[in-house]
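**Q** Input: one structure, supplied below.
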Amino acid sequence: MADIYDVQNTLTVLAANALYPNGLNAPSVVNTDVSIYPGWPLPKTLDAALTARQVHISIFPTVMARATTRFDTQYLAETVNPATLTLTADDEARTITVGGTISTPQTCLLKINGYDYAYSVQATDTLNTVAAGIATLIPGAYATGNLIFLSALRSITVNISTSGTASREFAREERVLFMSCWCPTPQIRAAAVQTLNTAFAATPRIVLPDGYYAHLVCTGTRDVDELQKVKCYRGDLELTVEYAITQTETAYTVGENIANVNLEPVLPAGKLLLFTGGDFLLLNSQNYGLLE
């Protein structure tokens with residue numbers, strides 16, 4: 001989930017990209033070394049930097065905040081892990097082949113003759129043990145190696161359910177932060193503040209680590225010259241950021257609805273069920289009689 005620390009870290013990266021447009025190994029736009037970090041500068045560290053004609057930029061959140069929640073909760077799929085197992089059904093041969101490689105979590109889902117079956121793959125499984133595990137769930141089925149043989153079949157669908165991550169936004173917050181440029185000269189301060197103000201104006205939407213967008217507005221700048229006697233010229237940018245408070249959870253793909261309710265009887269292979277008045281006759285090529 002995103003929080004104010006994620007906002008500070010993201011603004012740090014944006015400021016670095018603006019002041020070092022050609023990369024950190026190239027000179028900055030203010031022609032001196034610039035240190036950018038969340039928080040507030042330490043006096044001794046700042047004094048040493050200013051003496052060396054370096055710039056420090058700090059990003060500090062103020063207490064000015066308000067709740068701006070106004071959207072319904074919605075889950076968004078972030079990642080879906082691809083299935084590594086395969087199930088291949090051959091309706092003519094009445095077989096199911098288990099293929100691929102073992103990984104967890106995965107669930108084998110099968111609908112056979114209107115009945116649903118689910119087998120959860122274990123980390124210690126092999127293709128053969130998956131086939132054996134599925135066969136034990138299906139009446140009359142047996143497994144040989146990674147091949148499952150069915151005794152009766154009139155309809156079949158197979159699928160693999162895998163895991164993934166889903167996130168939801170359940171609140172929004174607007175927070176005011178100060179980005180302070182601590183500079184050794186007024187000229188360097190003006191160049192740094194102008195560069196950052198332009199960069200933020202061109203980036204009204206920023207992406208936080210949770211993948212959600214935040215709205216960024218620079219609501220003003222100001223110069224603070226109270227420390228000019230010690231050669232410290234400070235320029236503040238007031239930034240308002242509205243960001244989502246999110247939660248990420250593990251989710252699973254829907255492979256099949258498992259609901260065995262009011263299902264029809266399954267016939268043994270090669271036999272036909274006939275209705276004759278009030279009696280049921282079970283016929284094959286060799287015999288017939290009343291079905292008990």
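Throughout, read-outs are computed from the coordinates displayed, never taken from laboratory work. These numbers come from a predicted model, not from an experiment. As a convention, Cβ positions derive from the backbone with ideal geometry for all residues, glycine included, and neighbour counts pool all protein chains shown.
**Q** Is it the case that region 145-162 has a residue that's assigned to a helix (DSSP H, G or I), in contact with a Leu (Cβ under 9 Å, 6 or more places away or on another chain) and surrounded by fewer than 17 Cβ atoms within 10 Å (Cβ to Cβ)? Quick ask: steps written out before the conclusion?
**A** Looking only at region 145-162, we keep the residues that are assigned to a helix (DSSP H, G or I), and these are none.
Within region 145-162, not a single residue is assigned to a helix (DSSP H, G or I), in contact with a Leu (Cβ under 9 Å, 6 or more places away or on another chain) and surrounded by fewer than 17 Cβ atoms within 10 Å (Cβ to Cβ).
Per-residue answers, yes or no, for (1) more than 24 Å from residue 198 (Cβ to Cβ); (2) of a type in the set (Gly, Ala, Ser); (3) in contact with a Pro (Cβ under 9 Å, 6 or more places away or on another chain):
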position: 5; (1), (2), (3): yes, no, yes
position: 8; (1), (2), (3): no, no, yes
position: 31; (1), (2), (3): no, no, no
position: 37; (1), (2), (3): no, no, no
position: 68; (1), (2), (3): yes, no, no
position: 78; (1), (2), (3): yes, no, no
position: 83; (1), (2), (3): yes, yes, no
position: 103; (1), (2), (3): yes, yes, no
position: 116; (1), (2), (3): yes, no, no
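**Q** Can you give me the number of residues within region 18-55 that are part of a helix (DSSP H, G or I) and of a type in the set (Val, Ile, Thr)?
**A** 2
**Q** Being under 31 Å from the mean Cα position of the chain (by Cα) and surrounded by fewer than 19 Cβ atoms within 10 Å (Cβ to Cβ) is the filter; apply it to region 173-187 and report the residue that is nearest to residue 235 (Cα to Cα). Full working, then the answer.
**A** Narrowing region 173-187 to residues under 31 Å from the mean Cα position of the chain (by Cα): 173-179.
Narrowing the set further to residues that are surrounded by fewer than 19 Cβ atoms within 10 Å (Cβ to Cβ) leaves 174, 176, 178.
Working: 174: 23, 176: 16, 178: 10 Å.
Per the criteria, the residue is 178.
**Q** Report every pair of residues separated by at least 6 positions or lying on different chains whose Cβ atoms are under 7 Å apart, first residue within region 109-121 and part of a strand (DSSP E or B), second among the aromatic types (Phe, Trp, Tyr).
**A** 110/117
**Q** Can I ask one more? If you check every pair at least six apart or on different chains, which have Cβ atoms under 9 Å apart with a residue in region 170-183 that is touching a residue at least 60 places away in the same chain (Cβ under 8 Å) and under 16 Å from residue 11 (Cα atoms) first and a residue that is in a strand (DSSP E or B) and aromatic (Phe, Trp, Tyr) second?
**A** Within 9 Å, the pairs are 174/243; 175/243; 177/60; 178/60; 179/60; 180/60; 181/233.
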